[in-house]
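I have a structure here, written as structure tokens, and I will follow up with some questions on it.
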Amino acid sequence: MFCANRPAGTVFATRAAFALAGFAIASWAPLVPYIKEELSLTHLELSRIILLMGTGSIIGMLLISFFISFAGIQNALSLSAAALTGSLLLLAAMPPVHWLAPTVFIFGLTLGCVEVGGNIYGTHLEKTTKRILLPSMHGCYSLGEIIALAIICALIFLKFSIFTAIAIPSVILTGITLNALRSIGSVAIFDSDKKHKEKLFVLPKGAVIFFAFISSLIYMVEGGMLDWSGLFLLQKTDISIGFASSAYIVLIIAMAAGRFSGAYLIGKFKNYKVVLGGVSLCATALLAVYFAQNLIVIYACFMVLGFALANIMPICISLAGKQQSMPVIAAVSSISTCGYGALILGPALIGFMSELITLNGAFGALGLMSLALSFIIIYKRRLFAIA
């Protein structure tokens, strides 16, 4: 049972789950070209596989609330984490073609379960401990991405196989996570929410729609940076292809720093000012990078962008845990699903935009959309009064 005298263990367990999710999604990126080459997939077949992973992830995000109600939060997170690592290792081992589709689907499904399950339990811990926890938990997600990029690239450089490079750190991190999750025990999530106790799935309403809208746009920007920043850098500068991902690495490091300082920033400036400031900085950075031609200036823009994006999603999820218009678990799931769905599907929209107005123009359009969002946030300021 969760009890007040051992919150550190449960907080660490949730942070470990976030780190594992970040590690898994970052490990998927270097796997894609290996899978394409090893299994001789066409671009169309690979696109379908990637779409299948995204579809599985969104389904997992929608199902996790039912999984938690049936199995409990500890079992739901533990089983999801174990299955996530198992499917990742199978993908790294280059399965036969007829195993690829179900393995990718399970990978996406369990990734969605871990991400949203971590958000649900993190929101519960914030209410129970009366501490600001979600920013640093999302910081651990970014830390997991950094660990994956650093260790996997280092081991591949040292001539380890892609399977070994992924297997060694993922097995260690999963062991730490599963052991830490034992500290959660049997705990009823939001059992004090008697008004909505029996409703696990409802359509978003009230302030939840607004926060879901914010999270969708912000994660569409992050997803765009993940998939398109390398090509963007190659088009705007004379950097070599080997360093094309450097701008995204700068963004991820800045985002991690912003999230680990999130508790201080939110405590000092409160939710409304941090979200408004973050969205405004996001717009400024995207518009600046539209005009930038110098590599150092572009790096600076990506650093500002990472810091700006850092705490917006954690705040939206935290506020979903405090509203009263719909069940908390359903609210957190809705915002998480909208956000992560945009992270997965948003890059496709950016690709379509780039065909019409160039990739640089698509980044500029995101900046204008973020600027418009900042004015909407000012207009809807009262919705932040719930915390």
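By how many nm would the segment from residue 371 to residue 44 grow when fully extended, if each residue of separation counts as 0.36 nm and the alpha-carbon distance is taken off? Intermediate results must be reported in sequence, preceding the final value.
Numbers: separation 327, 0.36 × 327 = 117.72 nm, distance 3.53 nm.
Separation in residues times 0.36 nm, less the Cα-Cα distance, equals 114.2 nm.
Write out the trypsin sites (Lys or Arg not before Pro) in region 285-387 meeting two conditions: DSSP loop, and at most 15 other Cβ atoms within 10 Å of their Cβ. Working shown, then result.
On the way: sites: 322, 380, 381, 382; in loops: 322, 380.
Qualifying residues, ordered by number: 322, 380.
Subtract the Cα-Cα distance of residue 156 and residue 378 from 0.36 nm times their separation in residues, and report this length gain in nm to one decimal.
On the way: separation 222, 0.36 × 222 = 79.92 nm, distance 4.79 nm.
Going from the current span to full extension adds 75.1 nm.
Continuing with this model, one more query. Filter the trypsin sites (Lys or Arg not before Pro) in region 101-177 to those in DSSP coil with at most 16 other Cβ atoms within 10 Å of their Cβ, and list the result.
Details: sites: 127, 130, 131, 159; in loops: 130, 131, 159.
Passing sites in region 101-177 are 130, 131, 159.
Residue 99 to residue 240: FRET efficiency via 1/(1 + (r/R0)^6), r the Cβ-Cβ distance, R0 35 Å, to the nearest 0.05? The partial results should precede the final answer.
Working: r = 36 Å, r/R0 = 1.03.
Working from the Cβ atoms, E equals 0.45.
Where the only charges are on Cβ atoms (+1 Lys, Arg; -1 Asp, Glu), what is the dipole of region 203-285 about its Cα centre, to the nearest 20 debye?
Working: 6 positive and 3 negative charges, 96 e Å.
For region 203-285, the charge dipole is close to 460 debye.
Additional query: For the chain, modelled as a GNM with alpha-carbon contacts under 10 angstrom, which of 42, 129, 177 fluctuates the most?
Fluctuation is largest for 42.
If you don't mind, another one. Efficiency by 1/(1 + (r/R0)^6): what FRET value for residue 293 and residue 357, r their Cβ-Cβ distance, R0 = 22 Å, to the nearest 0.05? Display every interim value, and only then the final one.
On the way: r = 18 Å, r/R0 = 0.82.
Using R0 = 22 Å, I get an efficiency of 0.75.
Name the residue from 296, 328, 285 whose Cα lies farthest towards the positive end of the charge dipole of region 259-387, charges +1 on Cβ of Lys and Arg and -1 on Cβ of Asp and Glu.
328
For region 282-319 and region 129-163, what is the separation of their C-alpha centers, rounded to whole Å?
Here the two parts' Cα centres lie 20 Å apart.
Give me the extension gain from residue 172 to residue 385: residue separation times 0.36 nm, minus the current Cα-Cα distance, reported in nm with one decimal. Don't jump to the answer; show the numbers that get you there.
Details: separation 213, 0.36 × 213 = 76.68 nm, distance 4.23 nm.
So the extension gain works out to 72.4 nm.
Any idea what the dipole of region 106-183 comes to, in debye rounded to 20, about its Cα centre with Lys/Arg Cβ at +1 and Asp/Glu Cβ at -1?
Working: 5 positive and 3 negative charges, 44 e Å.
Roughly 220 debye, rounded to the nearest 20.
Here is a further query. Ordering 305, 39 by accessible area with a probe of 1.4 Å, largest first, what comes out?
Details: 305 5, 39 30 Å².
Most to least solvent-accessible, the answer reads 39, 305.
For the chain, what % of the accessible area comes from carbon and sulfur atoms, probe 1.4 Å?
Working: 11620 of 16450 Å².
Heavy-atom surface of the chain belonging to carbon and sulfur, 1.4 Å probe: 71 percent.
Per residue, how much accessible area does the chain show when a 1.4 Å probe rolls over the protein heavy atoms, in square angstrom?
Numbers: 16450 Å² over 387 residues.
Ligands and nucleic acids excluded, the figure is 42 Å² per residue.
Also: Explain nothing, just the number: relative contact order of region 79-180, from Cα pairs under 8 Å at least 6 residues apart, as a whole percent. Display every interim value, and only then the final one.
On the way: 61 pairs, mean separation 34.5, N = 102.
34 percent.
Scanning the chain for helices, which whole DSSP H stretches are 15 Å or more long along the axis (Cα) and average -0.5 or more by Kyte-Doolittle? Show your work: numbers first, answer last.
Working: long enough: 7-38 (46 Å, 0.76); 43-71 (40 Å, 1.64); 73-92 (28 Å, 1.48); 97-129 (48 Å, 0.63); 134-157 (34 Å, 1.70); 162-181 (28 Å, 1.89); 207-236 (40 Å, 1.31); 246-260 (21 Å, 1.76); 262-291 (35 Å, 1.11); 295-309 (21 Å, 2.71); 328-379 (41 Å, 1.65).
The qualifying helices are 7-38, 43-71, 73-92, 97-129, 134-157, 162-181, 207-236, 246-260, 262-291, 295-309, 328-379.
The values are calculated or read from the model by the stated rules, or taken from the named source; none is laboratory data. Not measured: the values here are computed from a predicted model. Note: ideal-geometry Cβ built from the backbone for every residue, glycine included; neighbour counts use all protein chains shown. Side chains are part of the model used for accessible areas, which takes the heavy atoms of the whole protein and leaves out ligands, DNA and RNA. Shrake-Rupley method; radii C 1.70, N 1.55, O 1.52, S 1.80 Å.
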